[in-house]
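Here's the structure we're looking at; comments come further down.
The values are calculated or read from the model by the stated rules, or taken from the named source; none is laboratory data. If you're wondering where the values come from, they're calculated on a predicted model, not measured in any experiment. Cβ placement follows ideal geometry from the backbone for every residue including glycine, while neighbour counts extend to all protein chains displayed.
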Amino acid sequence: MAIPSDPKQVKQICFDRINIPDVNRLAVARKHGAYEFLPTVLSEFDSARIIDEVKTSGLRGRGGAGFPTGLKWSFVPRNTGKPTYLLCNADEGEPGTFKDRDIMRFDPHLLIEGMIMAGFALGVHDAYIYVRGEFLHEVNVLNAAIAEAYEANLLGENILGSGYGMHLTVHRGAGAYICGEETALIESLEGKPGRPRFKPPFPAVEGFYRSPTVVNNVETLATVPAILKFGGDWHAAIGIPNNTGCKIFSVSGHVNKAGNYEVPMGTSLKTLIEEHCGGLQHGSAPKVVIPGGSSTPWLTAEHYDTPLTYDDMMKAGSMLGSGAIIVMDETADVVAMSRRLAHFYAHESCGQCTPCREGTGWLERVMTRVENGQGTEEDMSVLSEAATHMAGRTICALADGAAAPILSMLQHFPEEVRARLLEKAA
Amino acid sequence: MSADAVVSETDRSEKNRFSDERLAEIEALVKRYPSAQSALMPVLHMAQEDFGYLSMDTQQMVADVLGLRLMQVREVVTFYTMFREQPCGSYLLEVCTNAGCMLNGANELVAHMCKTLQINIGETTPDGMFTVTEVECAGACGGAPVVQVNNVYHEKATPESMDALIAECRAAGGQ
Amino acid sequence: MTSLFINDQEVEVTPGTSILEACRQNGVNVPYFCYHPELSVAANCRMCLVEVEGWNKPAASCCTPVSEGMKVKTATDSLKKDRQMVMEYLLINHPLDCPVCDQGGSCKLQDYAVEHGASRGRYAEHKRAAINYDLGPFVNTCMTRCIHCTRCVRFADEVAGTGDIGILNRADHMTITGIVEDALESELSGNLPDICPVGALLDKPSLDVSRPWELTRHQSTCTQCPNGCDIRIESRGDEVMRIQPVEGSPEPWICDRGRYVYDAFRSEHRILEPKIRRDGELVKADWNDAFARTAELLQGKRVGILFSPDWSVEGQTAIRLMRDALFPDARVAYDLHRRDMRPFAFEEGLSMTTAQIADADQVVVLGCDLRQRLPLLMQRLRKRGRAGKPVSRIGAMNYRTNMEISNDAIIRPRDWAAVIARAMEQVRDLGKTAAGFDEWMAAVSGRHEAGKVLADALISDSCALLVGEEIRGHADAAALIYGLDLLMRACGHAEAGNDGRNLIPEGMNTQVLAATFGDVRASAGELFAAATAGELDALILVGSDPVGDGLFPSAAKAALGNVPLVQVGAISGQIGEYAAVQLPAAAYAEIEGTFVNMEGRIRVADSPIRSLGEERPLWKVMMRMIQVMGGEAPVVNLNELRKATRRIMPALAEAADAGGQDSVLIAPARNKKAKALPADGSERFDLDVVSRYSFYREGMWARASELLSEAGRIHALDDVLVHPETLQSQGLEPGELRVKTFLGEQRYRVGVRDDVSPGVLFVAKRGVAGDISDVSTASIDAALSGGAQ
Ligand SMILES: Cc1cc2nc3c(=O)[nH]c(=O)nc-3n(C[C@H](O)[C@H](O)[C@H](O)COP(=O)(O)O)c2cc1C
Ligand code: SF4
Ligand code: FES
């Protein structure tokens, strides 16, 4: 199924070709529309027009923060005398997220095409895809696809005779969640430990090797070809205003059919879980839903009907994040979950900020005691204060992510925690 | 450095050295980045692939190849969990126990595997064949629980499928 | 200017200033650990949080630039709680060992715990422990106390340039570590304990011996190099415990030489009482007997006077007064490294401040081991290099700098004239010339390509030329310096306000010395030759060591075989073995006095440490000497002495009167008439000799210091180094080789290193190979095995 010529039929953007066998191979992908519109873009579009279309489309970054992509691109200063770089964030480390992997392993040419278009718009001649180290298979698939693209003069010098040239390199990480944070990713790509930089300066101005740099998520870049092909207005008409287009949701946990689902923004959480994911394993309503990856605050059954948009999730007290929905049914042990996530952040903190370096370890150790029934009443306030004063006081948002599960647990399930404290006495 | 020490070429041969093909590959790789330091992580991956783990000598060798200081290499090796400073078993079984996998029985799975292999998490079997570790979210929660075997993903793993896999590896011998 | 409100108070700062700096400039106290004014910003401690109106979360003030109209609050209740929590995070893993920690009493963590911390910790789990590592002879590590502010890491990267302190691991396993086998090799390592806000890095020599509150502090001036840093000497009773930099000084750091020399103050090498040589032995005497013996040796005799440039300005004046009163015909020498006494077109001293040098468009270092000689200036160049500004260099070897030199050439000293002539040609082709150019060029037959490095740098708006010991000590120095002077004039770098001609002096007070002794000055070599030739009857030596240091050790020994020596000074040194009388004079730390550094900056030392023995200030010894030889002392107190100084050197008076110590700098002398043409270059021997200045070993004070000597042993090079080609061309192997000079033949251990210029014999360890320093050319030969010793 190629992208249909009548754009109104499009239901999926990034996953449109995903079920086509061998679409990772250039010939197959081309048969289904890949790179079809690229010559037009290279010959008829200019930078301003592309950025305008993307602005019009309302596309917001799919990596977690939801920052408007067109706006981000427009911040890149021109004629600085330095090169501009485009980095694709394929570090996909946020617990619960597994969408970028599917784009890369099944339809790598979609991402490559998106990067060529973005690179052309931004005047980039060297672009990199930073893939998390564990995704060795995806790295191999991407490298094979890139080799084919070079062969077909879709990459390299003078792409398709347009005069524009771009080189694309896959860079493999080595096991550090923090490298998904864009400035840590830049440090890592420079061959250093992935420790986030403070901002300002922002990467758009001083990023990779202190040059202007755009970092975008895989899904964000994979959306670009459709936007340019069908127009920004077309994209803006999908979903609801300020939350346009489709979004891939990675659903995991206690659902019957876990997996990635690309649906228009605004679809409700309940619809997604009940209709697409075959409902919960136990019970009828979830005990907890983490809507945007483990770093986002928890929602409970009360918010089951919330539409999946950036704004609605914010209103409900959480965030859409990367669209990684972790569902817990009534059998879930929230203390164990909180402890497990505390362990994750304590393991992944880069270590530079005092509150995060010391606080994440502290939270994990206290949670371990609490989970084992060796907690004290004071632990409740220690957890609450130690988490509260990490969030928003550090260089990057990892500390906020670390605080979220603890604070959510204390907010929604204080009695369950307290009951755990008493176990020791029993 | 003392001038007398300059001439010695001894015992270089015993230490790990990249093959000529690797060196050519590295040379090409370095050209893809604005600075050779960017090639550090890819080159460490190569070294680990070639030599099994990253000993101090190997790290020094990588530093020399890229014109970096040893400290720059050490910082990177110790920061990233996939770089190993110690050897591990021929089969590295990495079980994700993060949220999605935990909700689908990962803790029980890893306990089962440890019992089968009679080791604790993080240990290697005495025959040097298997190492079991717990890892953070593997980015494949849709197929939870996930076990990576030498970096190949096994999704929806069960105690039975793991037993079968272990038996298969044993039959294949440690290669 | 940007104006903003800090706690409702409107203030103005330069755009781009951080909030924290804006607060500091306006006397608002914001606590911090990781920020350091001399280092890059890390923003990792999160102690410096402030609130900005309209922002939804607190901001780290150290990394947030100010903006127009910004409203900053630094002391809200919510910040109080944040700071309390940062303290609690830091303390959960910090050991509770303040009572046994040297930092106790001057520890930021301890102070802030009192000021911002909660009274009780709530942490019930295990504390982390960390492994210590070796940071060389001066720095002790106790890493369990580390709070990960990364100041030391940034110091090693940015200031020391060694980059050998790093951050291993991540999260709360993160540790600060040095490469263990390779101790920090920096001349500035002693600053590490100072910048560590806690007790993780401590001063090793003074470890466990004193607490901050037991110490008395004395302001003084360091005379260990021409940089003349302000120092604070800390003593407990009579014992000097350590030397520290002074906050707010022109230089934020001090070097290890100036810092660790302190153990020499109380060493056995001190001259603490008058001594007379009897039956070959120096024995204690009282002042009267010692002066009587001095008079016997000197009265009515033809003498030569040699002294150290490092005495205070008052001391130098007293030497002049003594000379004029007792030996009006005597010639004096104070530089052990200058062969050519003709006036230099630009004399010793800097025309720029070190800060201006760091800012110039171009910096060219000619023949100078800057890292050994002036580590603080080197540090500024490193900083400049990090900012992407070029530093070019020409010299006889690849002197280690721990920075990337943008344009480098290695040459032989005999090629200097050809280098300069080549540069002249290049700038002349660009239409830049000066009267005298052609004549100078015509006097040189060869052209050396390294001249391009020089000429390329000269074509810029501002260029700092740093001329070092290879040229200053050259036999034809006056001609080379005249050539450089012409070049600088041709390129517009010689006008007032844009004068880039800097000649790095040997020691302190160089501008004052030129004014005080210019008319009677000789080279040390000439004085020794005169003594050897019987033209002198005695030598007076005031505090220097021509046997241990300088270019004339064998000449000195020959002279002292011939005439008696009266030694006045604080340290005995190798020359002490030749003294007939020793008269103790107080050391630089033990007097009130004025000093002038290489930039022409006046430094005043006014709170001396107490002398231990019978030593007196130098000026008193000089006045007494006049009296015992029947003269009348021209001054009787320090005030009169200072008046005499001002008479001799009005510039000093003007500068001092101008108020603020740093506002007027004394300019080095310029000799417009010094027109020297390069001599014809035919040399007697095939190798050039260059001798190394050793940071840890040069000067009698450093050698008297056990601490510096120990560091010198750790960082030692081989005796003599040559380029492998130099040996190859003669068919020789490294090892024992015979070195021939006009002084005769000797054997040395010769090593090879390929960053020494071919054709150069590099004397790396002068103590061992001192005598070759007396010559500027040599040749080598295989040593005869066995037999002939
Ligand atoms: C701790 C942390 C981890 C992150 N991990 C990822 C990630 O794995 N993938 C990703 O695309 N963005 C991640 N982000 C968000 C990036 O910093 C950045 O916002 C994003 O790559 C921008 O791309 P977008 O505008 O296309 O979303 C992370 C952010 C934080 C603070
Ligand atoms: S918040 Fe944590 S992960 Fe982010 S920069 Fe600070 S220490 Fe590193
Ligand atoms: S001083 Fe600002 S974070 Fe440390």
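Looking for something away from ligand 2 (no atom under 16 Å from the Cβ), at pLDDT 95 or above and more than 14 Å from every other protein chain (Cβ to nearest Cβ) - is there at least one such residue anywhere in the range C:55-65?
no
Can A:E358 be described as away from ligand 3 (no atom under 16 Å from the Cβ), at the interface with chain C (Cβ under 7 Å from one of its Cβ atoms) and more than 28 Å from A:G253 (Cα to Cα)? Lay out the reasoning, then the answer.
Values: away from ligand 3 (no atom under 16 Å from the Cβ): no; at the interface with chain C (Cβ under 7 Å from one of its Cβ atoms): yes; more than 28 Å from A:G253 (Cα to Cα): yes.
No: the conditions fail for A:E358.
With the structure loaded, tell me whether A:G321 is within 16 Å of ligand 3 (Cβ to nearest atom), in a loop (DSSP other than H, G, I, E, B) and either within 14 Å of chain C (Cβ to nearest Cβ) or over 22 Å from C:E88 (Cβ atoms) (or both) or whether it fails that test. Spell out how you get there, then give the answer.
Values: within 16 Å of ligand 3 (Cβ to nearest atom): no; in a loop (DSSP other than H, G, I, E, B): yes; either within 14 Å of chain C (Cβ to nearest Cβ) or over 22 Å from C:E88 (Cβ atoms) (or both): yes.
No.
Is there a residue in the range C:153-162 that is within 14 Å of chain B (Cβ to nearest Cβ) and more than 15 Å from C:I195 (Cβ to Cβ)?
Checked the range C:153-162: at least one residue is within 14 Å of chain B (Cβ to nearest Cβ) and more than 15 Å from C:I195 (Cβ to Cβ).
So which strands (runs of 3 or more DSSP E) stay within the range C:98-203 end to end and still have 3 or more residues that are within 30 Å of C:T76 (Cβ to Cβ) and in contact (Cβ under 8 Å) with a residue 60 or more places away in the chain?
none
Could you grab the pairs with beta carbons closer than 8 Å, sequence gap of 6+ or different chains, first residue in the range C:29-49 and within 19 Å of A:G392 (Cα to Cα), second one basic (K, R) and within 12 Å of ligand 2 (Cβ to nearest atom)?
Correct list of pairs: C:R46/A:R393; C:L49/A:R393.
Taking the range C:5-25 only, how many residues are exposed (fewer than 14 other Cβ atoms within 10 Å of the Cβ), away from chain A (no Cβ under 14 Å) and not β-branched (V, I, T)? Break it down stepwise before answering.
Step one: list which residues in the range C:5-25 are exposed (fewer than 14 other Cβ atoms within 10 Å of the Cβ), which gives C:8-10, C:12, C:14-16.
Within this subset, residues satisfying the condition of being away from chain A (no Cβ under 14 Å) are C:8-10, C:12, C:14.
Within this subset, residues satisfying the condition of being not β-branched (V, I, T) are C:8-10, C:12.
Adding up the residues that qualify gives 4.
When you look at A:A222, is it among the aliphatic types (A, V, I, L, M) and within 16 Å of ligand 2 (Cβ to nearest atom), yes or no? Reasoning before the result, please.
Values: among the aliphatic types (A, V, I, L, M): yes; within 16 Å of ligand 2 (Cβ to nearest atom): no.
No, not satisfied.
Among the residues of the range C:61-97, which ones are free of Cβ contacts under 8 Å to residues at least 40 places away in the same chain, more than 30 Å from C:D208 (Cα to Cα) and not polar (S, T, N, Q)?
Correct list: C:D77, C:L79, C:K80, C:K81, C:D82, C:M85.
Is the range A:395-404 home to any residue that is more than 14 Å from chain C (Cβ to nearest Cβ), more than 16 Å from ligand 2 (Cβ to nearest atom), touching a strand residue (DSSP E or B) at 6+ places or on another chain (Cβ under 9 Å) and part of a helix (DSSP H, G or I)? If you could, list the steps in order and put the result at the bottom.
Taking the range A:395-404 and keeping what is more than 14 Å from chain C (Cβ to nearest Cβ), we get A:404.
Right, trim to more than 16 Å from ligand 2 (Cβ to nearest atom) and you get none.
Scanning the range A:395-404, I find no residue that is more than 14 Å from chain C (Cβ to nearest Cβ), more than 16 Å from ligand 2 (Cβ to nearest atom), touching a strand residue (DSSP E or B) at 6+ places or on another chain (Cβ under 9 Å) and part of a helix (DSSP H, G or I), so the answer is no.
Look through the range B:111-147, keep the residues that are polar (S, T, N, Q) and surrounded by fewer than 20 Cβ atoms within 10 Å (Cβ to Cβ), and return whichever of them is farthest from B:T97 (Cα to Cα).
Looking only at the range B:111-147, we keep the residues that are polar (S, T, N, Q), and these are B:116, B:118, B:120, B:124-125, B:131, B:133.
Narrowing the set further to residues that are surrounded by fewer than 20 Cβ atoms within 10 Å (Cβ to Cβ) leaves B:116, B:118, B:120, B:125, B:133.
Details: B:T116: 18, B:Q118: 19, B:N120: 15, B:T125: 21, B:T133: 10 Å.
Here the answer is B:T125.
All but one of (1) within 13 Å of chain A (Cβ to nearest Cβ); (2) more than 24 Å from A:A184 (Cα to Cα) hold for B:A111, so report the exception by its number.
(1) is the only condition that B:A111 fails.
Within the bounds of the range A:371-382, is there any residue that is hydrophobic (A, V, I, L, M, F, W, C), out of contact with any strand residue (DSSP E or B) (no Cβ under 9 Å at 6 or more places or on another chain) and within 16 Å of ligand 3 (Cβ to nearest atom)?
Pass one, the range A:371-382, residues hydrophobic (A, V, I, L, M, F, W, C): A:380, A:382.
Filter once more, so that each one left must be out of contact with any strand residue (DSSP E or B) (no Cβ under 9 Å at 6 or more places or on another chain): A:380, A:382.
So of that shortlist, the ones also within 16 Å of ligand 3 (Cβ to nearest atom) come out as none.
Within the range A:371-382, none of the residues are hydrophobic (A, V, I, L, M, F, W, C), out of contact with any strand residue (DSSP E or B) (no Cβ under 9 Å at 6 or more places or on another chain) and within 16 Å of ligand 3 (Cβ to nearest atom).
Within the range C:696-789, which helices (runs of 4 or more DSSP H) (wholly inside it) include 3 or more residues that are away from chain B (no Cβ under 14 Å) and crowded, with 23+ Cβ neighbours inside 10 Å?
Values: elements: C:700-704, C:706-714, C:724-728, C:766-769.
Correct list: C:700-704.
Within the range A:89-104, which residues are more than 10 Å from every other protein chain (Cβ to nearest Cβ) and over 11 Å from the mean Cα position of the chain (by Cα)?
Listed by number, the residues that qualify are A:I103, A:M104.
Mind checking which pairs have a first residue in the range A:202-217 that is more than 13 Å from every other protein chain (Cβ to nearest Cβ) and closer than 8 Å to A:L87 by Cβ and a second that is within 11 Å of ligand 1 (Cβ to nearest atom) and among the polar types (S, T, N, Q), Cβ under 7 Å, 6 or more apart or different chains?
Going by the 7 Å Cβ cut-off, the qualifying pairs are A:V215/A:N89; A:N216/A:T69; A:N216/A:N89.
Can you name the residue in the range C:66-108 that is within 13 Å of ligand 3 (Cβ to nearest atom) and either under 37 Å from the mean Cα position of the chain (by Cα) or not aliphatic (A, V, I, L, M) (or both) and is also farthest from A:C353 (Cα to Cα) among such residues?
C:T74
Kindly check whether there is at least one residue in the range A:76-90 that is within 16 Å of ligand 2 (Cβ to nearest atom) and either assigned to a loop (DSSP other than H, G, I, E, B) or under 26 Å from A:A27 (Cβ atoms) (or both).
Keep residues of the range A:76-90 that are within 16 Å of ligand 2 (Cβ to nearest atom), which gives A:89.
Cutting the leftovers down to either assigned to a loop (DSSP other than H, G, I, E, B) or under 26 Å from A:A27 (Cβ atoms) (or both) gives us none.
Within the range A:76-90 (the criterion being within 16 Å of ligand 2 (Cβ to nearest atom) and either assigned to a loop (DSSP other than H, G, I, E, B) or under 26 Å from A:A27 (Cβ atoms) (or both)), the answer is no, since none of the residues qualifies.
Tell me, yes or no, whether the range A:207-216 has at least one residue that is within 21 Å of B:Q72 (Cβ to Cβ) and within 11 Å of ligand 1 (Cβ to nearest atom). Can you show your working first?
Taking the range A:207-216 as the starting set, the residues that turn out to be within 21 Å of B:Q72 (Cβ to Cβ) are A:207-211.
Checking the rest, the ones that are also within 11 Å of ligand 1 (Cβ to nearest atom) come to none.
Among the residues of the range A:207-216, not one is within 21 Å of B:Q72 (Cβ to Cβ) and within 11 Å of ligand 1 (Cβ to nearest atom), which makes the answer no.
Looking at the structure I just gave you, is A:L228 touching an Asp or Glu at 6+ places or on another chain (Cβ under 8 Å) and either more than 16 Å from ligand 3 (Cβ to nearest atom) or modelled with pLDDT of 95 or more (or both)? Spell out the reasoning first.
Working: touching an Asp or Glu at 6+ places or on another chain (Cβ under 8 Å): yes; either more than 16 Å from ligand 3 (Cβ to nearest atom) or modelled with pLDDT of 95 or more (or both): yes.
It is true that A:L228 is touching an Asp or Glu at 6+ places or on another chain (Cβ under 8 Å) and either more than 16 Å from ligand 3 (Cβ to nearest atom) or modelled with pLDDT of 95 or more (or both).
Pairs only if they're at least six apart or on different chains, beta carbon under 7 angstrom, first in the range A:288-301 and away from every other protein chain (no Cβ under 11 Å), second at pLDDT below 95 and assigned to a loop (DSSP other than H, G, I, E, B); list them, first residue then second.
Every condition considered, the pairs that remain are A:A301/A:A285.
For C:D485, only one of the following conditions fails: (1) touching a Leu at 6+ places or on another chain (Cβ under 9 Å); (2) more than 22 Å from C:L618 (Cα to Cα); (3) crowded, with 23+ Cβ neighbours inside 10 Å. What is its number?
(1) is the only condition that C:D485 fails.
For the range C:628-660, name all the residues that are assigned to a helix (DSSP H, G or I) and either touching a Phe, Trp or Tyr at 6+ places or on another chain (Cβ under 8 Å) or among the small types (G, A, S) (or both). It would help to see each step written out before you state the result.
Quick first cut of the range C:628-660, residues assigned to a helix (DSSP H, G or I) only: C:628, C:638-648, C:650-657.
If the condition is that a residue be assigned to a helix (DSSP H, G or I) and either touching a Phe, Trp or Tyr at 6+ places or on another chain (Cβ under 8 Å) or among the small types (G, A, S) (or both), then C:V628, C:L638, C:L641, C:A644, C:A651, C:A653, C:A655, C:A656 are the ones that fit.
What number of residues within the range A:373-390 satisfy the criterion of being of a type outside the set (A, V, I, L, M) and either within 14 Å of ligand 2 (Cβ to nearest atom) or touching a residue at least 40 places away in the same chain (Cβ under 8 Å) (or both)?
Going through the range A:373-390, the residues of a type outside the set (A, V, I, L, M) turn out to be A:373-379, A:381, A:384-385, A:388-389.
Cutting the leftovers down to either within 14 Å of ligand 2 (Cβ to nearest atom) or touching a residue at least 40 places away in the same chain (Cβ under 8 Å) (or both) gives us A:373-377, A:379, A:389.
Looking only at that region, the number is 7.
Run down A:I129, A:I178 and say which single residue is in the same structural domain as A:R60 (by TED's automatic domain parsing), within 16 Å of ligand 1 (Cβ to nearest atom) and in a helix (DSSP H, G or I).
Working: A:I129 fails: in a helix (DSSP H, G or I).
None of the other options fit; the residue is A:I178.
Taking the criterion of being part of a loop (DSSP other than H, G, I, E, B), on the phi < 0 side of the Ramachandran plot and free of Cβ contacts under 8 Å to residues at least 24 places away in the same chain, would at least one residue in the range C:366-388 satisfy it? Let's see the steps before the verdict.
At the first step, the residues of the range C:366-388 found to be part of a loop (DSSP other than H, G, I, E, B) are C:367-369, C:374, C:387-388.
Of the ones still in play, those that are also on the phi < 0 side of the Ramachandran plot are C:368-369, C:374, C:387.
From what's left, free of Cβ contacts under 8 Å to residues at least 24 places away in the same chain: C:387.
The answer is yes; a qualifying residue exists.
Considering only residues that are surrounded by fewer than 23 Cβ atoms within 10 Å (Cβ to Cβ) and either more than 14 Å from chain B (Cβ to nearest Cβ) or in a strand (DSSP E or B) (or both), which ones fall in the range A:245-259? Full working, then the answer.
The initial filter retains those residues of the range A:245-259 that are surrounded by fewer than 23 Cβ atoms within 10 Å (Cβ to Cβ), namely A:256-257, A:259.
A:G259 - this is the single residue of the range A:245-259 that is surrounded by fewer than 23 Cβ atoms within 10 Å (Cβ to Cβ) and either more than 14 Å from chain B (Cβ to nearest Cβ) or in a strand (DSSP E or B) (or both).
Where in the range B:87-175 are there helices (runs of 4 or more DSSP H), lying fully within it, with 2 or more residues that are without any contact (Cβ under 8 Å) to a residue 40 or more places away in the chain? I'd like the intermediate steps shown before the answer.
Numbers: elements: B:99-102, B:106-117, B:159-172.
Fully inside the range B:87-175 and qualifying: B:106-117, B:159-172.
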